[in-house]
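Colleague: Starting off with a structure, shown below.
The values are calculated or read from the model by the stated rules, or taken from the named source; none is laboratory data. Because the structure is predicted, anything quoted here is derived from the model rather than measured. Because the Cβ atoms are built from the backbone with ideal geometry, glycine has one as well, and the counts that use them run over all protein chains shown. These area figures cover heavy atoms from the full protein model, side chains too; ligands, DNA and RNA do not enter into them. Shrake-Rupley method; radii C 1.70, N 1.55, O 1.52, S 1.80 Å.
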Amino acid sequence: MDTKKSLGSIGDELYKLISRLFPICRSITGNGVRQTLKIMQEYLPLQVNEVPSGTPVFDWTVPNEWNIHDAYIKNMKGEKLVDFNDSNLHVLNYSVPVKGTYSVQELKSHLTSIPDKPEWIPYRTSYYQASWGFCLSHSQLQTMKDDEYEVCIDSSLKPGSLTYGEYYIPGQTEEECLFSCHICHPSLCNDNLSGIAVVLWLAKMLSTQKNRLSFRFLFIPGTIGAITWLALNENKLNKIKFGLVATLLGDRSSFTYKKTRNGNAIIDQAVVHFLKFSGDDYRLVDFSPYGYDERQFNSPGINLPVGSLTRSQYGQYPQYHTSADNLELVIPEKLEASLNAYLFIANILDHNIVYVNQFPKCEPHLGKRDLYKAINAENDQETELRKMAMLWCLNLSDGNHSLLDIADRAAIPFELMKEVGEILEEKGLVKRLESKLY
Amino acid sequence: MDTKKSLGSIGDELYKLISRLFPICRSITGNGVRQTLKIMQEYLPLQVNEVPSGTPVFDWTVPNEWNIHDAYIKNMKGEKLVDFNDSNLHVLNYSVPVKGTYSVQELKSHLTSIPDKPEWIPYRTSYYQASWGFCLSHSQLQTMKDDEYEVCIDSSLKPGSLTYGEYYIPGQTEEECLFSCHICHPSLCNDNLSGIAVVLWLAKMLSTQKNRLSFRFLFIPGTIGAITWLALNENKLNKIKFGLVATLLGDRSSFTYKKTRNGNAIIDQAVVHFLKFSGDDYRLVDFSPYGYDERQFNSPGINLPVGSLTRSQYGQYPQYHTSADNLELVIPEKLEASLNAYLFIANILDHNIVYVNQFPKCEPHLGKRDLYKAINAENDQETELRKMAMLWCLNLSDGNHSLLDIADRAAIPFELMKEVGEILEEKGLVKRLESKLY
Amino acid sequence: MDTKKSLGSIGDELYKLISRLFPICRSITGNGVRQTLKIMQEYLPLQVNEVPSGTPVFDWTVPNEWNIHDAYIKNMKGEKLVDFNDSNLHVLNYSVPVKGTYSVQELKSHLTSIPDKPEWIPYRTSYYQASWGFCLSHSQLQTMKDDEYEVCIDSSLKPGSLTYGEYYIPGQTEEECLFSCHICHPSLCNDNLSGIAVVLWLAKMLSTQKNRLSFRFLFIPGTIGAITWLALNENKLNKIKFGLVATLLGDRSSFTYKKTRNGNAIIDQAVVHFLKFSGDDYRLVDFSPYGYDERQFNSPGINLPVGSLTRSQYGQYPQYHTSADNLELVIPEKLEASLNAYLFIANILDHNIVYVNQFPKCEPHLGKRDLYKAINAENDQETELRKMAMLWCLNLSDGNHSLLDIADRAAIPFELMKEVGEILEEKGLVKRLESKLY
């Protein structure tokens, strides 16, 4: 890793957590998930829930629990060629148990490699179709020239439960912002662990401040976890005003924002505002019903405006779903910048006040209230910007524009608009419209 | 004609019909129209209607019927210089009868030629102002150096009727799609006969399939025919949901679509969708109150969203309204492709179903219904496209989006969306919203 | 001035008025304003109003009246270095009286110059903070090397009144268009006097024609004048449909239009239409709550759609608020063109009729009413344009489109559409919708 790290930074903390979670073999159910959530509880008192196998969840059923103890391919001399202990990606995730001797032909129909990237092990799953298999590097595969091999997958697939984590920070209102990340990928860093680490820290940080919004954090297995949570919490959905699905937050790419199905929801407005003023390049992608759990949140019967803010795009970086999505790919600085972005957006949403100008007829007399002094800044350019922010806030605070609306129209950063709004509020020139946040 | 024709193709059939109709001297009334419709009845049992001269139709009156038997200009030696039997374009359409000897000066005020195209005969009319005249090539005109000429137009202009053809295909609902073409041009191929042939065949083809929409086909003289039909059928107009005016469909140009006055009607959406996925170049033109009978259909008191899909644009090709708009200009292949375009658009409109997802909460479990198999295609790219079509269809089938809306948003061809919709319907995942088509 | 002037032109009249008003020392109150309005009354019988100091106007209070008789800086030899009689810009506008001997250090904290433009005197004010000061050229400042200077500002700041001018032209309806300009700047030509001259002449010209709209003209001190007028005339505001703030109308720049807060008001539509067909370059600027009195008119509790049409932009030309904004900067030809623009826009607004087609079903028969003759023009291109204007007017006169809407959609100049509308009205094809103009 060629990136300079400042010891003790939050980026390093995020990276350390990822390093601890990396070796665990996670899946959509099983002890890997439990172990992961247990380590996370050292950082945040999140609630861990178990939903029994067989529970009906909308059109789906919680599956049997999968656990794995060992797996290997040996040649007939007893030498292990492929060993689960070297990388948990070697086993097709959710493989049924198998033990026996197989001809090389039969075995090969159970093997997956990536010819283009001969040193990387692919990551594959078969959750809903009973199957077994191994994933291995193409160079490993090419050495397999014997006639027969001994194969063992010591897994179990039995009634148990689906495990997920949840954390809730009550705010002044019950209106909620949701952050969700999947926790079902085994030793993959950017796709999974970066999201877990960022959302965990986001929850830690938001829990230390007083919020108007409530915040909910879900650490759930992909697809079935989202479906399960939504099915079991339908009565809570009307409180959720918007949300983000978090993952792919540690690599070197600039940000990608995939919009909600609505495309023009407040979460879209907030993220786009953040990106516009971030000073960095970014990509905006329209919603499509594919990708991560935004698929479920944006389904027509759930209809929650949930976007997804990532760095690289789903499926669009070479290391995606391979052993190269490892501790080399994610960088403390980028993790920290991702956390800051999420925190910034959460704060926009939390502070997106609708003010009402108390002196709406013409401009109020700013001089007599020392407002020009109150907004004075270090240099003329900054003072001018703050003056414009103040005039825009007064001009558009007619009860129909939120602070974010005003910041967008004025092309002024939200944080400056917020600061100026607070000065105007203190001086009695504007009052908050408090009835409802969103 | 340098185009290769495959014998027996529909293009050839269309071309053959045009060839049969080409020699007839049509006008807005008279035996030429009757003869034309009679030949068309050999192909389709269309209804022929006669509206008596003098019938008031909105602000207009059905004019006297015009018929012509012969016309010529002879020099004083008795040689015919201009002869109606050579080309019916030679006579100013709707000329009053005339017989006598004229000085060359007086005669020339009744002659029209195109100096820029000295070999072409122009096509001119004078329906509503009693007048007579001849059209001739500029090179013919330049030979006329005698002092006097003998002139004869053996025409009649007497009470009779306006003749038009109509065909109606009842569908499952009374909601209607209208196709209209003018039948008043004499020996002109692209402007007139190409539209007649395409619409006739379209009617033939749509009459052999089961449709949800009803379809109406009008074969009418331009302007006065449209006004007459609309005036006599006002009680039917509320059934007409949209329509197209068809002409200029046989030349080599790519398609031009002139939008409805509304500009954003369903017919506009359907035609634009077709053009986008056609793989060919095309032109979109905003509505203007000039051109063909879309002028009447889009008038404020009629207000039907009727566009016009042509190849060349009205008045924008050199041969327009000249003797060069002849059998050389139109091509079987282009006629057939035009017919296919109209049929494709009719089918989009007919199949533009609103589905309602029966499992709208999260995604339904596709695997357990073998849906991934059902959409399997020959290659991975096609399978992926069909999977995306399926996910889009499920995601947007909330009762507010038609299949065409979904296809547009997903940027997936309508026919693929339709196919996938039918699979989902068969599997019980979606149901049709049947109350009303449009 | 290198511009050729045609003697006796309106541009020269405007320029002459500006020349007469130029020497007067105006401020937001005082005799300079009275003197200015008195000269203006020679041209137009405008009403002059006096509002007593201390009158509460919304969040403000009408200030004490300021008058000035003399001001200078002398060296200790008694030589005048800075003299109010040379330029009234030398005194900080609204300076409190001062008389005494000051050290050069103390004096310099009261002096303002422009180092970048060493020969120009800046214009500065201090209306709401008791203060005194001098403005001078940087080269003057640099000669001041003595230890002490004698300073005198012989001004008075006492209860009196705020003076403004108003003129009202009643129309057929009470619906109003407002034109406003500020009259508080001393010897500055483009910023102030150009607006005064143009609006005065606009009023003269509109008062000689019969209008459907009523027109109101305000000649008011900036900010406090607008606030005062609005506070004292709240009951009239519902009559005002739109307006323009006029200034910066004499320089060589092409036009700049600053839109209303709404951004899509009828005044925006009218000005943009004018600019599009003006044949000149122009700039469109979105509303911002800074600039001239459009700030007050567009405040949330007043909410009048008032834009601002200027040549150079507020604060964006080098001579802005300096002694270089003088009689050299403004040009008769540009003043006259500005007046013509304002007059053109006023006439668009006044003639922006909604017609209703009386023959809305299909096109009316134009030939039988000699309409093709009625619209005949000198050349074919012009005749064709007039024919299209007529067809568009008939097509869109459904009660939902004004003449300006139709002109915009047809991309035809308003004046042509107006002319054609009048022909159609005369022929009985359309009737005016008279209930309400806007």
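Colleague: Where does the charge balance sit around residue A:415 when Lys and Arg score +1, Asp and Glu -1, over other residues with C-beta under 12 Å from its C-beta?
Modeller: Value of the local net charge: 0.
Colleague: Hey, what did segment B:305-438 get for relative contact order, percent, Cα under 8 Å, at least 6 apart?
Modeller: That works out to 29 percent.
Colleague: Hey, another quick one. Hey, with R₀ at 56 Å, roughly what FRET efficiency would residue A:264 and residue B:76 work out to, going by the Cβ-Cβ distance, to 0.05?
Modeller: 0.10
Colleague: Using the Cα centre of the protein assembly as shown as origin and beta-carbon charges of +1 (Lys, Arg) and -1 (Asp, Glu), tell me which of A:11, B:123, C:53 is placed farthest towards the positive end of the dipole.
Modeller: Final value for the positive-end residue is C:53.
Colleague: Rank these by accessible area, largest first, 1.4 Å probe: B:116, A:286, B:293.
Modeller: B:116, A:286, B:293
Colleague: Oh, and also: Return the residues of segment B:256-290 for which accessible area with all protein chains present is lower than in the chain on its own by 50 Å² or more; set the probe to 1.4 Å and exclude ligands, DNA and RNA.
Modeller: SASA drop of 50 Å² or more in segment B:256-290: B:261, B:289, B:290.
Colleague: Sorted by accessible area with a 1.4 angstrom probe, largest first, how do B:101, A:29, C:208, A:223 fall?
Modeller: C:208, B:101, A:223, A:29
Colleague: Using a label point 7 Å beyond Cα on the Cα-Cβ vector, give me the inter-copy distances for residue A:303 in nanometres, one decimal, shortest first.
Modeller: 3.0, 3.0
Colleague: Turning to a different aspect of this structure: Within chain B, what is the longest stretch that has no GluC sites (Glu not before Pro) placed in a DSSP loop and near at most 16 other beta-carbon atoms within 10 Å?
Modeller: Longest stretch, sites excluded: B:175-327.
Colleague: Which order do C:417, C:388 take when ranked by solvent-accessible area (1.4 Å probe, heavy atoms of all protein chains), largest first?
Modeller: C:388, C:417
Colleague: State the percent of C-alpha pairs, over all pairs in the protein assembly as shown, separated by a distance greater than 58 angstrom.
Modeller: In whole percent, the long-distance tail amounts to 42.
Colleague: What residue among A:338, A:402, A:308 shows peak mean-square fluctuation when chain A is described by a Gaussian network model with Cα springs under 10 Å?
Modeller: Looking only at A:338, A:402, A:308, the largest GNM fluctuation is found for A:402.
Colleague: Ok, one more. Looking only at trypsin sites (Lys or Arg not before Pro) in DSSP loops with at most 12 other Cβ atoms within 10 Å, what is the longest site-free stretch of chain A?
Modeller: Here the longest segment lacking exposed loop sites spans A:211-435.
Colleague: Kindly express, to the nearest 10 degrees and within the range 0 to 90, the angle between helix A:380-396's C-alpha long axis and the longest C-alpha principal axis of chain A.
Modeller: 80
Colleague: Could you pull out which residues in segment C:378-421 have an amide N less than 13 Å from a spot 7 Å beyond the Cα of residue B:290, following the Cα-Cβ vector?
Modeller: C:380-393, C:410-412
Colleague: What nm value, rounded to one decimal, do you get for the distance between residue A:232 and residue C:382 when each label is placed 7 Å out toward the C-beta?
Modeller: Here the answer is 8.2 nm between the modelled labels.
Colleague: If one takes the accessible area of chain A alone plus chain B alone and subtracts that of the pair, with a 1.4 Å probe, what total in Å², rounded to the nearest 100, results?
Modeller: Buried: approximately 1800 Å² between B and A.
Colleague: How tilted is helix B:10-21 with respect to the longest principal axis of chain B? Cα atoms for both, answer in degrees (0 to 90, nearest 10).
Modeller: 20
Colleague: Quick one: grab the alpha carbon gyration tensor of segment B:138-233, order the square roots of its eigenvalues as a ≥ b ≥ c, and give me rounded if a/c is under 1.5, else prolate or oblate depending on whether a/b is larger than b/c.
Modeller: prolate
Colleague: Can you give the translational diffusion coefficient of segment C:59-144 in µm²/s, computed by Stokes-Einstein from the Kirkwood radius over Cα pairs at 25 °C and 0.890 mPa s?
Modeller: Numbers: Rh = 13.7 Å.
Translational diffusion coefficient: 179 µm²/s.
Colleague: Report the closest approach of any chain B C-beta to the axis of the B-to-C rotation: residue and distance, in whole angstrom.
Modeller: B:264, 11
Colleague: Determine how many Å³ per residue the convex hull of the Cα atoms of chain C encloses.
Modeller: Spelled out: Cα convex hull of chain C, divided by residues, is 152 Å³.
Colleague: On a 19 Å Cα-Cα criterion, which of the cross-link pairs B:16/B:276; A:16/A:38; B:16/B:334; C:239/C:436; A:334/A:418; A:210/A:418 come out too long?
Modeller: B:16/B:276; A:334/A:418
Colleague: Assuming R0 = 60 Å, what is the FRET efficiency of residue C:112 and residue A:204, from their Cβ-Cβ distance, to the nearest 0.05?
Modeller: With a Förster radius of 60 Å, E is 0.65.
Colleague: Set the Förster distance to 30 Å, then compute FRET efficiency between residue B:278 and residue C:411 from the Cβ-Cβ distance, nearest 0.05.
Modeller: About 0.55, to the nearest 0.05.
Colleague: Return the long-range amide H neighbours of residue A:121 (sequence gap of 5 or more, or a different chain), with a cut-off of under 5 Å between placed amide H atoms.
Modeller: Under 5 Å from the amide H of residue A:121 lie the amide H atoms of A:323, A:324, each far enough along the sequence or on another chain.
Colleague: Right, next: So, with a 1.4 angstrom probe, what is the percent of accessible area on the protein assembly as shown that is carbon and sulfur?
Modeller: Whole-percent figure for carbon plus sulfur exposure: 47.
Colleague: Round to a whole angstrom and tell me the spacing of the C-alpha centers of segment A:98-132 and segment A:251-286.
Modeller: 38
Colleague: For segment B:182-187, what does the Karplus curve 6.51 cos²θ - 1.76 cosθ + 1.60, with θ = phi - 60°, yield as ³J(HN,Hα) per residue in whole Hz, taken in order and with x for Gly and Pro?
Modeller: Residue by residue, segment B:182-187 yields 8, 10, 9, 8, x, 6 Hz.
Colleague: Can you give me the P(r) profile for segment B:180-300? Cα pairs, bins 5 angstrom wide beginning at 0, each as a whole percent.
Modeller: Percent of pairs per bin, in order: 2, 10, 18, 22, 25, 16, 6, 1, 0.
Colleague: Additional query: Send over a whole-number figure in Å² for the accessible area per residue of chain B, probe 1.4 Å.
Modeller: Per-residue accessible area for chain B comes out at 39 Å².
Colleague: Only protein chains counted, 1.4 angstrom probe. Which residues of segment A:357-387 are at least 40 Å² less accessible in the assembly than when their chain is isolated?
Modeller: Residues meeting the cut-off: A:360, A:361, A:362, A:363, A:365.
Colleague: Quote to one decimal, in nm, the extra length available between residue C:53 and residue C:144 on full extension: 0.36 nm per residue of separation minus the C-alpha distance between them.
Modeller: Gain on extension, residue C:53 to residue C:144, equals 28.9 nm.
Colleague: Now, a different point. If each residue of separation counts as 0.36 nm, what is the full-extension length gain between residue A:101 and residue A:172 once their alpha-carbon separation is subtracted?
Modeller: 19.2 nm
Colleague: Additional query: For helix A:194-206, report the angle its Cα long axis makes with the longest principal axis of the Cα atoms of chain A; keep it between 0 and 90° and round to the nearest 10°.
Modeller: Once rounded, one gets 40 degrees.
Colleague: Strictly over 18 Å apart at the Cα level, which of A:80/A:117; C:361/C:431; B:74/B:99; C:74/C:145 would you flag in this model?
Modeller: Distance filter (> 18 Å) returns A:80/A:117.
Colleague: Rounded to two decimal places and with Rh computed the Kirkwood way over Cα pairs, what is Rg over Rh for segment A:1-130? Mind dumping the intermediate values first?
Modeller: On the way: Rg = 18.7 Å, Rh = 18.0 Å.
Ratio of gyration radius to Kirkwood radius: 1.04.
Colleague: Which of the residues in segment B:52-66 show a loss of at least 40 Å² in accessible area from their chain by itself to the complete set of protein chains, at a probe of 1.4 Å?
Modeller: B:58, B:59, B:60
Colleague: Mind listing the label-point distances from residue B:237 to the same position on all other copies, shortest first, one decimal in nm, points 7 Å along Cα→Cβ?
Modeller: Output for residue B:237: 4.5, 4.5 nm, nearest copy listed first.
Colleague: Counting Lys and Arg as +1 and Asp and Glu as -1, each charge on the Cβ, what is the dipole of chain A about the Cα centre in debye, to the nearest 20?
Modeller: Details: 44 positive and 52 negative charges, 156 e Å.
Here chain A has a charge dipole of around 740 debye.
Colleague: Right, something else. Nm distances between the label at residue B:12 and the same-position labels in the remaining copies, 7 Å along Cα→Cβ, shortest first?
Modeller: Those label-point separations list as 8.4, 8.4 nm.
Colleague: Which value, in debye to the nearest 20, gives the size of the charge dipole of the protein assembly as shown about its Cα centre, when Lys and Arg are +1 and Asp and Glu are -1 at the Cβ?
Modeller: Result for the protein assembly as shown is approximately 1880 debye, rounded to the nearest 20.
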